[in-house]
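Taking it in order: structure first as structure tokens, then the write-up.
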Amino acid sequence: MPKKPEPQPENHERWLVSYADFITLLFAFFVVMFASSQTDKGRAKQVSEAVEKALAEGHSVSIPPAVAKILGGTVDDKGQGNAMMKGPGGAQHAPKESQPDNIVELLPAMKRLNKDLEKEINAGKLEVRMEARGLVISLRESAFFSSGDDVLDNNTTTTIGKLAALLGTLPNSIQLEGHTDSIPIHNSRFKSNWELSCARGISVLNALTGTFHLNTERFSVVGRADTLPIGSNDTPEGRARNRRVDVVILNSLMIKSGEAKATAPAKPGAAPSKPGAETKGATETKPVAETKPVTETRPVTTAQASPHK
């Protein structure tokens, strides 16, 4: 009888085959990763600059739709943003700060004023600025009034007319504030800065409602004397800025709250002087909550003007 072949011993090292395959694949993977990281950086920069230029001049450069999709947006998208910026770890652009509603509300009016009254603003006859309470137009005393008087100069009718034309297009309430410098006045017409500041505010009111027929119910008049300077009372230039009538176009937030307190800051060293004892009670300096204006004016009498007003 033929001899039976002896059985082959069991091979316990077959796992080495799978292990060798795994190591080979892992080695190949890291070789590919290393090769990918060593691309020509100069060429990559050129490609990046070319794409960036194409996005910036998308109106004249044709970009394939597939490329435009990867880069994020159409060729007319001026954001120049890569789609990867939106993902985790991508560059994030800080959102633009939005302006408060009470500021945005009157921005169109401010732009129109700066355009229509550009000549007067450049000549220093008036100032236009935005405050929390609304849009403020400061009428300089030197351009609108004679020293120590409350009668508007006839040459200012055109400027007042431009202002009235804008005010007529707005539904907002308007507060007229008279201001003076810190030098006391006392003549046969006015006993104090309080009376002078009130009278000048009323003169502007009469021009807007009488000459240009604006609705009187929208207005209020406040006399503030020298309590809210916008310049230093220690210099002639600062005092000239303080002698003014502010036309305040109140925003809707101030109208709802019933407050229209002036917020113009005084410069260092320009602390307002306190009114004398004889002026107490002559004029209310707090904002007028009632919008009905005082339209009755006293007849103007001949007075020797103080050289300071």
Task: Largest-first ordering by accessible area, 1.4 Å probe, given options 103, 160 - done: 103, 160
Open item on the list: With every protein chain left in place and a probe of 1.4 Å, what is the accessible surface of residue 234, to the nearest 10 Å²?
Closed with: 110
Open item on the list: I'd like the FRET efficiency for residue 31 and residue 56, computed as 1/(1 + (r/R0)^6) with the beta carbon distance as r and R0 of 51 Å, rounded to 0.05.
Closed with: 0.85
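The values are calculated or read from the model by the stated rules, or taken from the named source; none is laboratory data. Since this is a predicted model, take the numbers as computed values, not measurements. A quick note on method: Cβ atoms are made from the backbone with ideal geometry, for glycine too, and the neighbour counts reach across all protein chains shown. Note: accessible area is taken over every heavy atom of the protein model, side chains too, but ligands, DNA and RNA are not part of it. Shrake-Rupley method; radii C 1.70, N 1.55, O 1.52, S 1.80 Å.
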